[in-house]
Every structure is written in structure tokens, then in C-alpha cells.
Amino acid sequence: MRTHRLLPSLLLLGSLSMTAACSSGSSGSSGTATAARPGPSATTAPVRTVDPARIKGLRLVSDNSEDPSCAWATTYPDVPGATAMTDAMKKDVQGRLATFRELCEESSGVAGELNISHQFLVASGDVLGVRLTTLGGGGVGSGLARRTYWYDGGAGAYRTASDLVADGSRDAFLAALKSGLKGREGTDADTLDEAFDNRSSLVGELGDMDFTADGDLRVTFAPGTVGAVPAGSYVVTLSRATVTPWLSAFGRRVQRQTVRPSASLDLGATARPTPAVPTRTASGDDDTDCAQVKCVALTFDDGPSAAYTGTLLTYLDRYDARATFFTVGQNVVAHPELVRAEARGGNEVGNHSWSHPDLTRLTAEQVAHQLNRTSAAIQAATGQAPTLFRPPYGAVNTTVRNATRLSAVLWTLDTEDWKYPDASKVAESVVSKVKRNDVVLMHDIHPTSVAAVPQILRTLSADGYHFVTVSHLRATM
Ligand code: ZN
């Protein structure tokens, strides 16, 4: 069998089932990957979860389409002080997105979906570690790829996964990995010899490594690197005692910060000013009767955004307007204070999945996981569980509906604001078309969409409209 190790792992296309894809994209703390027969250490290794809300100045950089025929959602974190690492993630994400968008144009609607989500592995002391998980990317054999990115605050340098191992220990390290792969289903001696004989290429492909809470090192091989592509990823876990002598000085600091994290993260950066979070509390229940007056429900998807959501809330306050926010779980846990401010201002907080995949491509269990995890994050932030969800890309089917008790909300007026980053065009798309009881689709991850809101509120208020939440509209129209 041929391996595909000559391809850079960024471009590796596996044919993993969506089970593997979702478990990595959405289970967050789990570092397990689906191998044909995952070793016991792959499924039982304890993991340490990182609370991203504690990372000062964190911003998530998101770019999402809402076009089901060319569906993409990419997010990577921007942590103050770790610029070199942020740049590396940005370059990888933008490269994949550019490739995918080209494919979209060539294939007119059969490119599938690109989804890049993130997970913090370590954020303490002078160590930052992030895993980006890429699902899809289009075309035949589209699969799953994962890469870990590391930042060494002590040296002020970006590190790759293979930098966790000392140069002088590479041979011993690789030999241990090879013996850990021997006898696994989907691989054989010839394949392993071929992969491990070409060491320089293999080292470049060791892109996904992290430590368990016990200090063991977990190495994940992407589909096709050491076995057949359909067999999926392989995970080899090296015990703490085995691996520690082979680690670089930075690798040992990462291991230490994983096993026993410091109280806070300090990368030596000057703190990024935290955007103000509006503190206004809406006075009482909304008594607007949409059967008697003209109502419209503005909805904002894909946030919260550290950069723009606070500003949007102050605009809504100014016009005594209420809106509905369909939030993405990975953003909710990064900025619970913004979700709390949304709820406090009398707005409704809905569920827009954990990482913005096309839910109709997932199994019922995966759909439930995407939605339940997000609802739990919303409840933790606001004290109240959501009752509504909006499926990413508006993609919903019977499997999705049956997998949740949340009620699906689509829209009646699409501003296409993600496609046209032009505030006056966005405002015009609403004020020129709106009609009574419309549900308007917008996104608070785009500055131009938020900048359009004052004009929308001003014009429609003057025209007698009341701005209510989706649940309020449904209850009284
Ligand atoms: Zn969306």
C-alpha cells in the first residue's frame, strides 16, 4: 500500500468518516482520533481543559460564509503577545480557505464544506498551545486534518509540534513511535518502514502533539501518513517516564504547564484594552403586542465577537431595541461576559452550534453534541438555557430537527451582509425590503454589519417598527 507522506500534511486529504471529524471538532478536550483500532491510551488519557474566558485580550478571528453551496466557517484565536503563532495559524487558515474557494468556483456547488475550529491545549505560564481542526476542504477524499501550534513566551518564539522533542533525541523518539504503531489494523511493516525511513519528511508531518494531564505525550498521525487513508488517524501515546528525557527544554515547560498549570498566562505582552461590555439591564418584560403594532426581529449570528458585539449592544440600547443572537459555542466560552450582556439587555440568546458545521452532514449524535454543548455554554453564561437554534447555512432536515428539543429558526429577509462588507448597502438591504414580522438575518462578526445597525434602527423606528426577539414575535404576532 502506498502512503501519502510526500504531501505536506496541510494538504493531506483523508476519507475519514464524519464520526471522526465531529468527535475532534466538537468534543473539545478530547485528543483522541479515530484509528481503526485506537489504543487504550488514546481513549482513556485524561485531558486538562482550558477556560478560554481567562485568557486576557483574547479575540477569535472568524470568517464564515452562509452559502450552502460553498459553505465555510473558519476561526482561529488571536492571543496578545503570541503574534508569531497567530500569524502561522492565519497563514494556514487563509491558505486552506483560498484553496477551498477556488474549488468552489471550479466545481459549482459540489465542493462540500470547509470547517476550521480551535481548541486551547495550554494557556498558562509562558506557554500557549492551540489545536486547529480542519474538516473537509472540498473535493474527493476530503477529510480531517489537525495541527497543534505552540508559543514559547520565554523565547518570544512560535514553535511547531516537533519542536517539543530535542533534536538529539529524534531517533529514539521516532523508534518509539514506530513500535507503538506496529500491529495496528490498517498498517503493516512495509508501510511503516517506508514512512519511517524517510525521517525528514515524517518529522515534518508530526503536526499534532500534546500532553495528557498525566504528562504523557500524545502523537496523532494524520490519515495516510502511516497507514491506509480509510483507516483514519493513528494515535500513539508515550508515557511520561519514557518521553520526558527526549523532550526539548520548551517541551518540558509545555509538559509542566499541562500537568500543573500556573494560575495565569503571561506572554509578556502589553495587555490589549478589553472592549467595554455594556452594563444596561432591560427594564421589565417586553409588552409589545405584534398583533397590534409593526414588529421586526433582527437576528445576529456567529458571535459573540470581542471586537463588535459590545458596540452593537450599545446601538440596540440607544433605540430601546431587542434582538436575537444566535451564538456559536466556541465563541460563547471565549466571551461569556458578552453573552451575559446580550441577555441582560433584554435580548434573546439562541444556539448556532458549537463550531458552525453543516448539521445535515452529521449524524443525530453529532448534531445533539454540537447543540447540547452550546446550550450548556449559554446556560453557564446567562443562567438560562436557549429554546431556539438556527442551523448554520440554514441547513436543516428531519435528522437535525429530531436530534434536539430546540426550535429551528430560519429567516425571512437575508441581508447577505457576509458577502457585501458595506455598511450602507447592508442598511439599504433591510430598510428597502423589510415588511411587518420579518426575521432579518445579519452577523455580528463583521464591523460593517454592526455599523449598519444605527441607520436600520433609526429609519425603521421612524417608520413605526418595534424591534422584538424571535420568541416574542412568535408569541404575539
Ligand atoms: Zn452562521
- Percent antiparallel among DSSP beta bridges with both residues in the chain, to the nearest 5? 60 percent
- Just from the alpha-carbon atoms, what are the Rg and Dmax of region 294-476 in angstroms? 15.3, 47
- Qualifying aspartates and glutamates (Cα of each under 13 Å from Cα of Lys425; at least 8 residues distant if same chain): Asp414, Glu416, Asp417
- Task: Mind checking which lysines have their Cα closer than 20 Å to the Cα of Lys419? Skip sequence neighbours fewer than 8 apart in that chain.
- Result: Lys433
- Given backbone amide H placed at 1.01 Å from N, residues whose amide H is under 5 Å from that of Leu247, ignoring those fewer than 5 places away on the same chain, are Ala166
- Task: Restricting things to alpha carbons, tell me how big the chain is in terms of Rg and Dmax, in Å.
- Result: 23.4, 77
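So, R0 is 22 Å and r is the distance between the beta-carbons of Ser264 and Ala213; what FRET efficiency does that work out to, to 0.05? Before the final figure, lay out the partial values.
Numbers: r = 19 Å, r/R0 = 0.85.
That pair, Ser264 with Ala213, gives E of 0.75.
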- Using R₀ = 35 Å, calculate the FRET efficiency as 1/(1 + (r/R₀)^6) where r is the Cβ-Cβ separation of Ala276 and Glu102; round to 0.05. 0.30
- With every protein chain kept in place and a 1.4 Å probe, the chain has an accessible area per residue in Å² of 40 Å²
- Query: How large, in percent, is the carbon and sulfur part of the accessible surface of region 150-304 at a probe radius of 1.4 Å?
  - Reply: 48 percent
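Working out 0.36 nm times the residue gap between Ala249 and Glu185, then minus their Cα-Cα distance, what length gain in nm do you get to one decimal? Could you put the intermediate results ahead of the total?
On the way: separation 64, 0.36 × 64 = 23.04 nm, distance 3.47 nm.
Value of the extension gain: 19.6 nm.
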- Which parts of region 102-119 would a label at Asp67 reach, counting a residue when its backbone N lies under 19 Å from a point 7 Å out along Cα-to-Cβ? 102-116
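Using a Förster distance of 35 Å, how high is the FRET efficiency between Ala462 and Ala408, based on the Cβ-Cβ distance and rounded to 0.05? Write down the numbers at each step before the final one.
On the way: r = 33 Å, r/R0 = 0.93.
Efficiency computed from Cβ-Cβ geometry: 0.60.
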- Note on the structure: A student asked for the Cα radius of gyration and Dmax of region 234-273 in angstrom ought to give 14.1, 43
- Report relative contact order for the chain in percent, whole number only (criteria: Cα-Cα under 8 Å, sequence separation at least 6). 17 percent
- Grab the Cα-Cα distance for Glu428 and Thr399, subtract it from 0.36 nm times how many residues apart they are, and report the gain in nm with one decimal. 6.8 nm
- Message: Treating only the Cα positions of region 251-321 as identical point scatterers, give the base-10 log of I(q)/I(0) from the Debye formula at each q in 0.16, 0.21, 0.22 Å⁻¹.
- Response: -0.81, -1.06, -1.10
- region 159-213, relative contact order [Cα under 8 Å, separation at least 6], %: 51 percent
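The values are calculated or read from the model by the stated rules, or taken from the named source; none is laboratory data. Please read these numbers as outputs of a predicted model, since none were measured by experiment. For neighbour counting, all protein chains shown are included, and Cβ atoms are generated from backbone atoms with ideal geometry for every residue, glycine included. Heavy atoms of the whole protein, side chains included, go into the accessibility calculation; ligands, DNA and RNA do not. Shrake-Rupley method; radii C 1.70, N 1.55, O 1.52, S 1.80 Å.
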